[in-house]
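First the structure, in the form of structure tokens, and then the observations on it.
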Amino acid sequence: MKLVIFGATGNVGSRIAREAVSRGHEVVGVVRQPDEVTPPHPRVALVKGDATNAASVAAVVRGADAAVSAISPRPNARGLAAPRLADNARAVIAGLRSAGVKRVLYVGGGSTLEIAPGQQLLDQPDFPEAYKAEALDGREALAIWRNEAEGLDWTFLSPAIVIGEGERTGRYRTTDETMLFDEQGNSFISYDDYAVAVLDELERPQHVGRRFGVAY
């Protein structure tokens with residue numbers, strides 16, 4: 001499979017790229033400044049592109065079997081502005097349609113998962129104010145995929161409350177709309193096991209046209 005990954009040098013995107021290469025897939029990584037970053041793996045080709053511009057998306061995905069959008073909604077270490085996830089969602093949808101590529105997996109946030117029936121984590125009074133703007137942007141992006149991506153084989157993948165460094169176990173649980181917690185009340189997934197879930201879904205689709213979540 002030829003896989004195009006937007007945001008391929010970030011914490012999540014780099015793991016997805018390495019997991020894909022380890023499974024024998026051809027990987028093209030799309031970043032805004034390819035000359036200023038190191039590929040996540042020697043077999044990942046980096047190209048310049050803008051995941052918030054439909055024409056740019058179309059140009060880099062043409063001929064691919066699938067695309068992954070794994071951009072971060074935060075400013076990066078090199079001073080580039082934070083992209084809006086809503087703009088990213090619309091650009092990817094339009095760009096994929098233009099290029100004739102149907103399969104796409106979108107790296108989303110976990111704040112729109114429910115901690116009780118009808119109660120999203122984002123709407124809780126103790127939700128951290130520092131993350132609220134990007135969480136609201138993520139909620140809008142999810143709505144865009146649900147309402148505006150007709151004709152595409154899309155999947156929106158939400159992580160646990162915390163996603164971070166940790167070993168690759170190859171194991172995880174899945175959910176539709178309800179946040180997952182372990183026996184100690186923690187909601188966590190490592191970057192590497194999130195990447196495992198991404199490639200498992202791309203290779204053996206189970207959640208086309210909908211969102212799902214992963215955690216331990």
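Starting from segment 34-63, take each residue that is in contact (Cβ under 8 Å) with a residue 60 or more places away in the chain and list its partners that are of a type outside the set (Gly, Ala, Ser) and open to solvent by 50 Å² or more (accessible area, probe 1.4 Å), counting only C-beta distances under 8 angstrom and pairs at least six apart or across chains.
Matching pairs, first to second residue: Gly63/Lys2.
Need the failing condition index for Ser69 against (1) at pLDDT 95 or above; (2) open to solvent by 60 Å² or more (accessible area, probe 1.4 Å), just the number.
For Ser69, the exception is condition (2).
Tally time: how many residues in segment 155-214 are among the β-branched types (Val, Ile, Thr) and over 25 Å from Ala143 (Cβ atoms)?
Looking only at that region, the number is 2.
Mind checking which residues of segment 114-138 are touching a helix residue (DSSP H, G or I) at 6+ places or on another chain (Cβ under 6 Å) and either aliphatic (A, V, I, L, M) or without any contact (Cβ under 8 Å) to a residue 40 or more places away in the chain (or both)?
Ile115, Leu122, Ala135
Any residue in segment 187-215 that is more than 17 Å from Thr112 (Cβ to Cβ) and at pLDDT 95 or above sitting within a Cβ distance under 6 Å of a residue that is among the acidic types (Asp, Glu) and outside any helix (DSSP H, G or I)? List the pairs, counting only those 6 or more apart or interchain.
Going by the 6 Å Cβ cut-off, the qualifying pairs are Val208/Asp153.
Would you tally the residues in segment 30-49 being under 17 Å from Ala99 (Cβ atoms) and either open to solvent by less than 30 Å² (accessible area, probe 1.4 Å) or modelled with pLDDT under 95 (or both)?
From segment 30-49, those under 17 Å from Ala99 (Cβ atoms) are 30, 47-49; that's our starting set.
Narrowing the set further to residues that are either open to solvent by less than 30 Å² (accessible area, probe 1.4 Å) or modelled with pLDDT under 95 (or both) leaves 30, 49.
Residues in segment 30-49 being under 17 Å from Ala99 (Cβ atoms) and either open to solvent by less than 30 Å² (accessible area, probe 1.4 Å) or modelled with pLDDT under 95 (or both): 2 in total.
Out of curiosity, is Gly100 open to solvent by 60 Å² or more (accessible area, probe 1.4 Å) and on the phi > 0 side of the Ramachandran plot?
Taking the combined requirement at face value, the residue satisfies it.
From the list Ala20, Ala82, Ala77, which residue is at pLDDT 95 or above and not basic (Lys, Arg)?
After applying the criteria, what remains is Ala20.
Restricting to segment 181-216, name every residue that is of a type in the set (Phe, Trp, Tyr), touching a Ser or Thr at 6+ places or on another chain (Cβ under 9 Å) and open to solvent by 40 Å² or more (accessible area, probe 1.4 Å).
Answer for segment 181-216, where residues must be of a type in the set (Phe, Trp, Tyr), touching a Ser or Thr at 6+ places or on another chain (Cβ under 9 Å) and open to solvent by 40 Å² or more (accessible area, probe 1.4 Å): Phe181, Tyr216.
The values are calculated or read from the model by the stated rules, or taken from the named source; none is laboratory data. Please read all numbers here as calculations on a predicted model, not as lab measurements. Note that each Cβ is placed from the backbone with ideal geometry, even for glycine, and that neighbours are counted across all protein chains shown. Note: accessible area is taken over every heavy atom of the protein model, side chains too, but ligands, DNA and RNA are not part of it. Shrake-Rupley method; radii C 1.70, N 1.55, O 1.52, S 1.80 Å.
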